[in-house]
1. Any chance the range 115-130 includes a residue that's assigned to a loop (DSSP other than H, G, I, E, B) and over 23 Å from residue 19 (Cα atoms)?
2. Name the strands (runs of 3 or more DSSP E) wholly within the range 1-72 that hold at least 1 residues that are within 16 Å of the ligand (Cβ to nearest atom)?
3. Please specify each residue of the range 205-216 satisfying the condition of being within 29 Å of residue 114 (Cα to Cα) and either assigned to a helix (DSSP H, G or I) or within 12 Å of the ligand (Cβ to nearest atom) (or both).
4. So, in the range 136-152, exactly how many residues are in contact with an Asp or Glu (Cβ under 7 Å, 6 or more places away or on another chain) and farther than 19 Å from residue 102 by Cβ?
5. Can we say residue 102 is more than 30 Å from residue 238 (Cβ to Cβ), surrounded by fewer than 16 Cβ atoms within 10 Å (Cβ to Cβ) and more than 16 Å from the ligand (Cβ to nearest atom)?
6. Quick check on my filter: what residues within the range 168-199 are within 13 Å of the ligand (Cβ to nearest atom), in a loop (DSSP other than H, G, I, E, B) and either on the phi < 0 side of the Ramachandran plot or hydrophobic (A, V, I, L, M, F, W, C) (or both)?
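Every read-out reported here was derived from the displayed coordinates using simple, explicitly stated rules and does not represent laboratory data. Note that the coordinates shown come from a computational prediction; the quantities given were computed from them, not determined experimentally. Here the Cβ is made from the backbone with ideal geometry for all residues, glycine too, and neighbour counts use every protein chain on show.
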Amino acid sequence: MKIVIENDYASLSLRAAEIIKAQVNGKPESVLGFATGSTPIGTYCELVKMYNANDVDFSKVVTFNLDEYYKIKKTDKQSYYHYMQTHLYRHVKFKETHIQDGEAADHAAECIAYEEEIASHGGIDLQILGIGVEGHIGFNESGDEFIAATHHVKLDESTIKENSRFFENENDVPKYALTMGIKTIFSAKKILLLANGANKAEILQKTVHGAITPKNPSSILQLHPDVTIITDREAGKLLV
Ligand code: PGA
């Protein structure tokens, strides 16, 4: 795993955006995997700036998001569909953008269709990940097994608590989600994991140096051949 420790959130965001830009400039028809949460917001902001400065062209790029709440309407301000529109898709023209349908009547069929769609585009070239304080990647929660494919998942109490900061109250946080599985994430040729802030330091140390266990889903990234972790100084403080 390649570890890059930046001074602060601004330089972390710029560094991540530079890597995405280089990927797209090197392969204009790249398939990108995107993440939500607070961490990648700065990266998306930098990508919008690069796009407006004509430094990068996303018109041939196809995107797939890691996860979406279930059930949630696209129009809900807390949906990841809405997040992606707000931070990126409203500002930047992509060829195609995909995210699991948080309103699908049949979640199992939706997950199968999502996997097929990713496969039909030849898999993901570069996947962006955040990390939860318990080690989740996407919504692959801490548990007894790694789940390979895109699946319907019951969210952990800790995730619901953590994400309640985006909602008016904790009861409004959806209890379920649809998420890429570990094999789906591993289909990416390159993975870029971003982590910011002191509360991520301990889990990052375990991600890089700890046992590979589904109790900490991020630990399995040790087995992927091309992972770069970019942190700010606080999140990376136990890695040095
Ligand atoms: P955060 O979430 O970026 O808001 O910390 C990361 C995650 O839960 O994957």
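1. Within the range 115-130, not a single residue is assigned to a loop (DSSP other than H, G, I, E, B) and over 23 Å from residue 19 (Cα atoms).
2. Counting at least 1 such residues, we get 31-34, 62-65, 67-70.
3. 207
4. 1
5. Criteria not met by residue 102.
6. Once the filter is applied, which keeps residues that are within 13 Å of the ligand (Cβ to nearest atom), in a loop (DSSP other than H, G, I, E, B) and either on the phi < 0 side of the Ramachandran plot or hydrophobic (A, V, I, L, M, F, W, C) (or both), the range 168-199 yields 173, 180, 196.
Results for (1) more than 14 Å from the chain's Cα centre (by Cα); (2) aromatic (Phe, Trp, Tyr), shown as yes or no for each residue.
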| site | (1), (2) |
| --- | --- |
| 19 | yes, no |
| 28 | yes, no |
| 37 | no, no |
| 48 | yes, no |
| 65 | no, no |
| 86 | yes, no |
| 94 | yes, yes |
| 105 | yes, no |
